[in-house]
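First comes the structure, then the notes that go with it.
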Amino acid sequence: MKLKSLLFALSAAAVVSTSAFAQQPIIIKFSHVVANDTPKGKGAERFKELAEKATKGRVKIEVYPNSTLYKDKEELEALQLGAVQMLAPSLAKFGPLGVKEFEVFDLPYIFPTKEVLYRVTEGPIGKDLFKKLEPKGITGLAYWDNGFKDMSANKPLHHPADFRGLKMRIQSSKVLDAQMRALGANPQVLAFSEVYQALQTGVVDGTENPPSNLYTQKMHEVQKHLTISDHGYLGYAVIVNKKFWDGLPADIRTQLEGAMKDATKYANAIAQQENEAALAAVEKTGKTTIYRLTDAEKAEWRKALLPVQKQMESRIGKDLITAVNKEAAALGQK
């Protein structure tokens, strides 16, 4: 009887233990390098809210903004090693990882409008690009928009000749390097978290950013001039560690996909609104002179920068560049 009682007690304890273990939430660490009040930061918080609600607490999303866990040079390796489960790096980060096709997003003036951009990211081209990440242990979930980039410096930038000799901060990207060299500038690769201090101390003279990044990182305080050039695009890919993602229960994965779909709609919808608000806020400070290129000046910039597309064909793939340009031509926007 004593043995039966002991076995019963052990069995009951095991059930309780298993039940307690089953109730432990799955933790997803979501790391990113920008402020909470940017489109990406707000998108991450919205995903957390939607994911935890959809899974009824079975998943807990821990968001780490502003490079609090990893700088942008370190975060992809951390994801591959499983130290974090989710990131939203800029699309430029995948070139150095060996998936050079993603650098198509860095090409100057390749996306004349958001309509063309969404045809690419939401269509077969975007899906094919995500497949190329899988051998790297990465699953792509969504493309998040952060708008078109503008150039800033401590001198007016109205013509390509104005860039001559300037030290311009870029992300690590062969395309962005070629872009700055085409303008006569000297590209300098720096982590995003280091840019403000580099601008403040004169390590670099200028940089490129959508207005929301410029404003939330207070770069306008150390940049006297901002040119609304819309010369390039800055977007992000929300990605997860493939092994972790594939190992999730199927129902949870479905719920998270639904939450990501809704968070993506939200993040993309606010991107333009946030950039317009940030630009107005920069203008209001009076610290930075904002200049809008005339049609003739923009044509001059395009002429200087379009050769970068040809130059990068062997790196990115001529067929891919042609396919993106065809999407624009199909809409009559080239």
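The values are calculated or read from the model by the stated rules, or taken from the named source; none is laboratory data. Just so it is clear, the structure is predicted and the values come from calculations on it, not from any experiment. Reconstructed Cβ throughout: ideal geometry from the backbone, glycine too, with neighbour counts over all protein chains shown. We work out accessible area using only protein heavy atoms, side chains counted, and drop any ligands, DNA or RNA first. Shrake-Rupley method; radii C 1.70, N 1.55, O 1.52, S 1.80 Å.
In a simple Cβ point-charge model (Lys, Arg +1; Asp, Glu -1; nothing else charged), region 52-181 has a dipole of about 100 debye relative to its Cα centre.
Charges were assigned to the Cβ only: +1 to each Lys and Arg, -1 to each Asp and Glu. The resulting dipole of region 220-334 about its Cα centre is roughly 340 debye. Once divided by 2.2 N^0.38 Å, the Cα radius of gyration of the chain becomes 1.14. Selection among Pro249, Leu279, Ile239 by position relative to the dipole of the chain gives Pro249 as farthest towards the positive end (Cβ unit charges, Cα centre).
Along the axis of the charge dipole computed for the chain (Cβ charges of +1 for Lys and Arg, -1 for Asp and Glu, origin at the Cα centre), the listed residues Pro187, Ala83, Gly95 are led at the positive end by Ala83. In the chain, if the dipole is taken from +1 on Lys/Arg beta carbons and -1 on Asp/Glu beta carbons about the Cα centre, which of His225, Ala267, Thr294 is farthest to the positive end? My answer, from the dipole projection, is Ala267. For the chain, the relative contact order works out to 25 percent when only alpha carbon pairs closer than 8 Å and six or more residues apart are counted. The string of couplings for region 293-302 from the Karplus curve (6.51, -1.76, 1.60, θ = phi - 60°) is 4, 6, 4, 5, 5, 5, 4, 5, 5, 4 Hz, one whole number per residue in order, with x for Gly and Pro. Among the trypsin sites (Lys or Arg not before Pro) found in region 27-59, those both in a DSSP coil and sparsely packed, with 10 or fewer other Cβ atoms within 10 Å of their Cβ, are Lys56.
What dipole magnitude, in Debye to the nearest 20, does the chain give about its Cα centre under +1 on Lys/Arg Cβ and -1 on Asp/Glu Cβ? Write down the numbers at each step before the final one.
Numbers: 46 positive and 38 negative charges, 137 e Å.
Approximately 660 debye in magnitude.
Label point 7 Å out from Asp246 along Cα-to-Cβ: which residues of region 103-139 have amide N under 20 Å? Correct set: 127-139.
The share of accessible area on the chain that comes from carbon and sulfur is 53 percent, using a 1.4 angstrom probe.
A 23 angstrom limit on the alpha carbon distance is what I want to check against. Which of Lys71/Lys310; Lys42/Lys136; Lys29/Lys56; Lys93/Lys310; Lys114/Lys261 exceed it?
Exceeds cut-off: Lys71/Lys310; Lys42/Lys136.
Sequentially through region 200-209, phi angles give Karplus couplings (6.51, -1.76, 1.60; θ = phi - 60°) of 5, 8, x, 4, 10, 8, x, 7, 10, 6 Hz, Gly and Pro residues having no value and appearing as x.
Sum -39500 (n - 2.57) across every DSSP H segment of at least 4 residues in the chain, then divide by the residue count to get the 222 nm mean residue ellipticity, nearest 500. Only helices count here, giving -14000 deg cm²/dmol. Each residue, Ala277 and Arg253, gets one label point 7 Å from its Cα in the Cβ direction; the gap between the two is 3.6 nm.
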